[in-house]
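Encoded as structure tokens, the structure appears first; notes follow it.
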Amino acid sequence: MISQKLLDEAKKLLGGEITAHDVAICMALVKVARLMHQHKKDSYLDMAAYAAIAGEIEERTKKENNEKSA
């Protein structure tokens, strides 16, 4: 899962609100950029992992929002 420290540092760097989902998507994009220049197996695996993390965060966020509105 995206660590709180990484999320806090990203917020400082970008000077605004950023979510764990945003960080996961950005990390996946970093992997895409790397793959455009060098094809490494671990980059494909990492990209898939970050996509899975982003999906999990999205599902948890939806669930939390549904529980709050119920």
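If you put +1 on each Lys and Arg Cβ and -1 on each Asp and Glu Cβ, how big is the dipole of the chain around its Cα centre, in Debye rounded to 20?
Here the size comes out at about 200 debye.
Counting each DSSP H run of 4 or more residues in the chain as -39500 (n - 2.57), what helix-only mean residue ellipticity at 222 nm follows after dividing by all residues, to the nearest 500 deg cm²/dmol?
-27000 deg cm²/dmol
Per the 1.4 Å probe, what fraction of the accessible area of the chain, in percent, lies on carbon and sulfur atoms?
58 percent
Could you report the chain's accessible area per residue, 1.4 Å probe, as an integer in Å²?
Accessible surface, normalised per residue, equals 77 Å².
Rank by packing, highest mean first: peptides 21-30, 58-67, 44-53, with packing defined as the count of other Cβ atoms within 10 Å averaged across residues.
Result, highest mean first: 21-30, 44-53, 58-67.
Ratio of the chain's C-alpha Rg to 2.2 N^0.38 Å, to two decimals?
1.27
Could you tell me the convex hull volume per residue, in Å³, taken over the Cα atoms of region 28-69?
43 Å³
Between L6 and H37, what is the label-to-label distance in nm when each label sits 7 Å out along the Cα-to-Cβ direction?
Result for the modelled spin labels: 2.0 nm.
The values are calculated or read from the model by the stated rules, or taken from the named source; none is laboratory data. What you see is a predicted model; the values in this text were computed from it and never measured. Please note: Cβ atoms are built from the backbone with ideal geometry, for glycine as well, and neighbour counts cover all protein chains shown. The accessibility values were calculated without ligands, DNA or RNA, using every heavy atom of the protein model including side chains. Shrake-Rupley method; radii C 1.70, N 1.55, O 1.52, S 1.80 Å.
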